[in-house]
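Trainee: Submitted below is the structure of interest, expressed as structure tokens.
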Amino acid sequence: MEPPPVRRAVPSLLAPAVERDPHPLYRTLREEHPLLHDEPFGAWLVSRYEDVRAALAEPRLLAPPPGRTLVHQEGATHDAHRALLEPALRGRALAALAPGLERTAYVLARRIAARQEADLVAEFCQWLPAAAVVAALGLPYEETARLQDWCRTGLTHAAGRHPGLDACLRPHIVRRRAHPGADLLSVLCTAEPGGRPLSDEAVTGLVGEVLGAGGEAAALGLASFLANLLDHPGQLELVRERPELIPAAWAESLRRDPPRPVVLRRAVAPVTVAGTPLPPGARVACLIGAAGRDPARFADPDRYDVFRADASRLAGGAGRHACLGADLAALAAERGLRALLEVLPGLRWTPGFRPVPRGLLARAPRLLSIRPR
Ligand code: HEM
């Protein structure tokens, strides 16, 4: 008689080896366990592209508590708050931010150009998206340094109050309530969703959301984007010669190396995920990082290829909570890369340096050591 097949033990998302490189686990999950309960992590893991997309958009799966940010809101409140933020982060409002973003990108790039060696994470990626969000809010550029730190830690603090941010914003809120302008902070200060103005706390919460969601994810996304291009000098040269390829190069990096590879949900009613019924209370981890490399959706998915025709936008989530800042992040990446390519013609890794992505819920290289000339 044939012995029964040996089932390989599947490591938890929390295993140190998975944090170092989650892709072997993602592959096993996609191929053998499209829905698997991860005991130590405390959630069902969903890994195939179509299942992840469906789970992110599923109305019976909500962002788990605690939290008071937009992703934790549902129904009319969520719609009203989204409708407030959306116009300030898209279209004409976004186009108006481009010149300021470009100036900031050039200032940062020129500072790097003066060095023998630099870390693009500390000196570029952590600044440019933060400056973009600060500009969208209409806060003075000088506040970037103070808010940049909050941007970096925003995702972890977003669940609760943040006295430092409250104190920083209070004078700006008072001023905007008295003399509103066209910026996002003014929009929030003068809005009356449901016929009543937003409280200072609600305004701070929404600003915190934009800073936290925008600052950190966009900084990590930019780090992975630059790492992918520096790792593929042929493709870096291509985008240098044909800058119209930059948006595709950015989308491709978000597919291959999304900065938020794991997004959590909790079932509030019986729900079917990846073909399996789950009870209310079940926690679900939508593995965006696994979905982006699903070979059923993307040919040769591990490869970074700026000519890929079928890039996806899943890195920014899907459905009613899909990312509101995707266009702002793309604009910052595009203007940022153009500035770096122009000001640093010899941009390349420091000899012997290899970027190492880190992090489970928020993932990217934390150091990008380069030679500018
Ligand atoms: C590469 C950059 C970015 C990535 C990868 C990213 C990723 C995401 C993801 C995965 C979600 C969905 C979360 C969920 O469903 O639980 C989301 C939502 C959100 N993002 Fe982004 N984000 C980025 C940049 C930004 C920026 C620059 C801003 C703001 C300026 C922003 C603002 C938001 C907001 C407000 C939401 C909540 C939308 C809602 O709940 O309706 N994001 N983002």
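Trainee: Any idea how far the Cα center of the stretch 165-197 sits from the one of the stretch 116-143, in Å?
Mentor: Answer, in whole Å: 23.
Trainee: Using each residue's phi in the stretch 289-302, evaluate 6.51 cos²θ - 1.76 cosθ + 1.60 at θ = phi - 60° and report the 3J(HN,Hα) Karplus result to the nearest Hz, with x for Gly and Pro.
Mentor: Calculated HN-Hα couplings, in order: x, 6, 4, x, 10, 6, x, 6, 10, 10, 5, 6, x, 6 Hz.
Trainee: Could you tell me which residue out of Cys286, Leu222, Leu97 lies farthest along the dipole of the chain toward its positive end? Charges go on the beta carbon: Lys and Arg +1, Asp and Glu -1, centred on the Cα centre.
Mentor: Leu97
Trainee: Once the piece of chain linking Tyr141 and Gln116 is laid out straight, how much longer is it, given 0.36 nm per residue of separation minus the C-alpha distance between them? Display every interim value, and only then the final one.
Mentor: Working: separation 25, 0.36 × 25 = 9.00 nm, distance 2.74 nm.
Gain on extension, Tyr141 to Gln116, equals 6.3 nm.
Trainee: At 0.36 nm per residue, minus the direct Cα-Cα distance, what do Leu367 and Leu14 gain on full extension? Give it in nm, one decimal, please.
Mentor: Contour length minus Cα-Cα distance gives 124.8 nm.
Trainee: Could I ask something else about it? Between Glu237 and Thr28, what FRET efficiency follows from the Cβ-Cβ distance if R0 is 41 Å, with the result rounded to 0.05?
Mentor: 0.70
Trainee: Enumerate the amide H contacts of Leu278 below 5 Å, restricted to partners 5 or more residues apart or on another chain; note that Pro and chain-start residues carry no placed amide H.
Mentor: The answer is Val271, Thr272, Val273.
Trainee: Taking neighbour Cβ counts within 10 Å as the exposure measure, how do Tyr141, Tyr49 sort from fewest upward?
Mentor: Fewest to most other Cβ atoms nearby, the residues stand as Tyr141, Tyr49.
Trainee: Only Lys, Arg, Asp and Glu count, each charged at its Cβ (+1, +1, -1, -1), so figure out the dipole size of the stretch 18-371 about its Cα centre, rounded to 20 debye. Don't jump to the answer; show the numbers that get you there.
Mentor: Working: 44 positive and 40 negative charges, 75 e Å.
Roughly 360 debye for the stretch 18-371.
Trainee: Which of Ala248, Leu347, Pro66 sits closest to the plus end of the dipole of the chain, meaning its Cα is farthest towards the positive end, when Lys and Arg get +1 and Asp and Glu get -1 on the C-beta?
Mentor: Projecting each Cα onto the dipole axis, the largest value belongs to Leu347.
Trainee: Let me check the size of the stretch 191-309 from its C-alpha atoms; what are the radius of gyration and Dmax in Å?
Mentor: Rg and Dmax of the stretch 191-309, Cα atoms, are 19.4, 56 Å.
Trainee: For the chain, with the dipole built from +1 on Lys and Arg beta-carbon atoms and -1 on Asp and Glu ones, taken about the Cα centre, which of Val18, Ala43, Pro163 lies farthest toward the positive end?
Mentor: Pro163
Trainee: What is the spin-label model distance, in nm, from Glu123 to Asp302 if the labels are put 7 Å beyond Cα along the C-beta direction?
Mentor: Distance between the two pseudo-spin positions: 3.3 nm.
Trainee: Now a separate question. Determine ³J(HN,Hα), in whole Hz, for all residues of the stretch 356-373 in sequence, where each value follows from phi through the Karplus function 6.51 cos²θ - 1.76 cosθ + 1.60 and θ = phi - 60°; x replaces Gly and Pro.
Mentor: 10, x, 9, x, 9, 8, 10, 10, 4, x, 9, 9, 10, 8, 10, 9, x, 10
Trainee: In sequence order, what are the phi-derived ³J(HN,Hα) couplings for the stretch 343-349 according to the Karplus relation 6.51 cos²θ - 1.76 cosθ + 1.60 with θ = phi - 60°, rounded to whole Hz, with x for glycine and proline?
Mentor: Taking θ as phi minus 60°, the curve returns 7, 10, x, x, 3, 7, 4 Hz for the stretch 343-349.
Trainee: Quick one: which residues, 5 or more positions from Ala191 or on another chain, have an amide H under 5 Å from its amide H? H modelled 1.01 Å from N in the peptide plane, none for Pro or chain starts.
Mentor: Leu198
Trainee: Please compute the modelled spin-label separation between Ala309 and Ala96, points set 7 Å along Cα→Cβ, answer in nm with one decimal.
Mentor: 3.9 nm
Trainee: Ala322 to Glu244: FRET efficiency via 1/(1 + (r/R0)^6), r the Cβ-Cβ distance, R0 30 Å, to the nearest 0.05?
Mentor: About 0.75, to the nearest 0.05.
Trainee: Let me ask something else. Quick one: which residues, 5+ away or cross-chain, put their amide H under 5 Å from the amide H of Val284? H built at 1.01 Å from N.
Mentor: Long-range HN contacts for Val284: Trp44, Arg265, Arg266, Ala267.
Trainee: If you take every DSSP beta bridge whose two residues both sit in the stretch 18-371, what share of them, in percent to the nearest 5, is antiparallel?
Mentor: 85 percent
Taken together, the values in this text are just the output of simple stated rules run on the coordinates, not laboratory data. Predicted model, so just to flag it, every value in this text is computed and none were measured. Cβ atoms come from the backbone with ideal geometry, glycine included; neighbour counts cover every protein chain shown.
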